[in-house]
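Working notes, structure below.
The values are calculated or read from the model by the stated rules, or taken from the named source; none is laboratory data. Worth saying up front: this structure is predicted, and the values here are computed from it rather than measured. All Cβ positions, even for glycine, are placed from backbone atoms using ideal geometry, and neighbour counts span all protein chains on display.
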Amino acid sequence: MIRSAYLAPPGLEAALADEIARAGARIEGWHGRLALSADPPVASAWALDVWTAPQEIEVPSVKAAADELRKIQRNWSAYAVQNHRRMALIAERLPPVKARPLVFPEPAPTSHLGAWTLLAPDRMLATPDKTSPFVNGECMFEEDHIGPPSRAYLKLWEAFTRLGVWPRAGETCLDLGASPGGWTFVLAKLGACVTAIDKAPLDQRVAAMPGVTWRAESAFALSPEPVDWLCSDIVAYPDRLLALVGIWIAAGAARKILCTLKFQGETDNTAAAAFAAFPGARLMHLWHNKHELTFYWQRP
Ligand SMILES: C[S@@+](CC[C@H](N)C(=O)[O-])C[C@H]1O[C@@H](n2cnc3c(N)ncnc32)[C@H](O)[C@@H]1O
């Protein structure tokens, strides 16, 4: 019996499997990127979406499958691995779910959304509850092709949207590893006062935005200073970033911390667990993350 399922980000199935095993749950098999487990759901940073209440349902026909889903609730999103034609026919019989791209900073969708797939032509797996409000955990935006000098801004948009919190006008932000300035652009656009820390300069248009200051320093040489937000997108070994974050938390200098935790080669889930262990911390893999996790902490 399947009691939970975890949707891995593309190419990061091994990172997810390792995390689930460390949490003491077993993966019985995979359906595409969906890890199927007979154990109750465990917390997962790597999963884009966790199916927390899956039911296996025999569905002899397309109509029967659609009827079963409609009996449970209105809104469903499909995760298709095989039986694409049959899944499309079932989906046609369900109320449409609008998954339009968000316009930042609008809130994440709040309507209740379930997920379903066909494990076989006559066997459906459906979960009325799942952890992500997005279809298959994919948080999409109307992109800004003009303002930001790098695509890293999408990570910050997604993190703020998923957390439901972002800097308010006038708040102070330290942006570590800021160049060329995608994150600094987002923070300054929100009206924050941003100090960008990077030996490399900012894109000129970002540097000229109101409230932006650049300091050509190393993030690791800074002494903690009072700020509302400490943000970091530096490329650093997880242990090194963990030490930096620990110093800032111990100093009580930042009210909120948002960092990208980057992995080179092997995934270091031990370091990831150490980040998650800070009281008040949240660790998540964003749709816009690569081989990365995003760490958020706010002062309790
Ligand atoms: C992935 S890029 C950051 C992209 C940026 N967040 C954006 O939105 O455009 C990483 C940056 O970290 C900077 N970096 C690496 N080590 C650093 C350190 N010790 N202190 C400050 N910046 C550092 C690099 O110079 C590089 O510009």
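I'm checking my understanding of the structure. Among residues of the stretch 213-233 that are closer than 26 Å to Leu286 by Cα and in contact with a Ser or Thr (Cβ under 8 Å, 6 or more places away or on another chain), which one is farthest from the ligand (Cβ to nearest atom)?
Out of the qualifying residues, it is Asp228.
Within the stretch 154-166, identify whether any single residue is in a loop (DSSP other than H, G, I, E, B), touching a Ser or Thr at 6+ places or on another chain (Cβ under 9 Å), buried (at least 20 other Cβ atoms within 10 Å of the Cβ) and in contact (Cβ under 8 Å) with a residue 24 or more places away in the chain, and answer yes or no. Show your work before the answer.
Of the residues in the stretch 154-166, the ones in a loop (DSSP other than H, G, I, E, B) are 164-166.
From what's left, touching a Ser or Thr at 6+ places or on another chain (Cβ under 9 Å): none.
No, there is no match, as no residue in the stretch 154-166 is in a loop (DSSP other than H, G, I, E, B), touching a Ser or Thr at 6+ places or on another chain (Cβ under 9 Å), buried (at least 20 other Cβ atoms within 10 Å of the Cβ) and in contact (Cβ under 8 Å) with a residue 24 or more places away in the chain.
Can you tell me which residue among Ala152, Ala178, Ala159, Ala219 is over 23 Å from the mean Cα position of the chain (by Cα) and modelled with pLDDT of 95 or more?
Answer to the check: Ala219.
Being surrounded by fewer than 13 Cβ atoms within 10 Å (Cβ to Cβ) and under 29 Å from the mean Cα position of the chain (by Cα) is the filter here, so list the residues in the stretch 200-209 that pass it. Break it down stepwise before answering.
So in the stretch 200-209, the residues surrounded by fewer than 13 Cβ atoms within 10 Å (Cβ to Cβ) come out as 200, 204, 208.
Ala200 - this is the single residue of the stretch 200-209 that is surrounded by fewer than 13 Cβ atoms within 10 Å (Cβ to Cβ) and under 29 Å from the mean Cα position of the chain (by Cα).
Would you pick out the residues in the stretch 175-208 that are touching a residue at least 12 places away in the same chain (Cβ under 8 Å), farther than 15 Å from Ser150 by Cβ and in a loop (DSSP other than H, G, I, E, B)?
Residues satisfying the conditions are Leu190, Gly191, Ala192, Lys199.
Identify all residues within the stretch 74-107 that are modelled with pLDDT of 95 or more and of a type in the set (Gly, Ala, Ser); write none if there are none.
Selection gives Ser77, Ala78, Ala80, Ala88, Ala91.
Output the residues belonging to the stretch 249-293 that are more than 16 Å from the ligand (Cβ to nearest atom), farther than 19 Å from Ile20 by Cβ and of a type in the set (D, E, K, R).
The answer is Arg255, Lys256.
Just to be sure, is Ser179 touching a helix residue (DSSP H, G or I) at 6+ places or on another chain (Cβ under 8 Å), within 15 Å of the ligand (Cβ to nearest atom) and among the polar types (S, T, N, Q)?
Details: touching a helix residue (DSSP H, G or I) at 6+ places or on another chain (Cβ under 8 Å): no; within 15 Å of the ligand (Cβ to nearest atom): yes; among the polar types (S, T, N, Q): yes.
So Ser179 fails the test.
Of all residues in the stretch 221-240, which are of a type outside the set (Gly, Ala, Ser) and touching a Leu at 6+ places or on another chain (Cβ under 6 Å)?
Residues of the stretch 221-240 of a type outside the set (Gly, Ala, Ser): 222, 224-231, 233-235, 237-240.
Scanning the stretch 221-240 gives Val227, Leu230, Cys231, Ile234, Pro238.
Go through the stretch 144-176 and give me each residue that's more than 14 Å from the ligand (Cβ to nearest atom) and not assigned by TED's automatic domain parsing to the domain that holds Asn289. Lay out the reasoning, then the answer.
Quick first cut of the stretch 144-176, residues more than 14 Å from the ligand (Cβ to nearest atom) only: 145-146, 161-172.
Within the stretch 144-176, His145, Ile146 meet the criteria.
For the stretch 182-198, how many residues meet the condition of being among the aliphatic types (A, V, I, L, M), under 23 Å from the mean Cα position of the chain (by Cα) and within 6 Å of the ligand (Cβ to nearest atom)?
Matching residues across the stretch 182-198 total 0.
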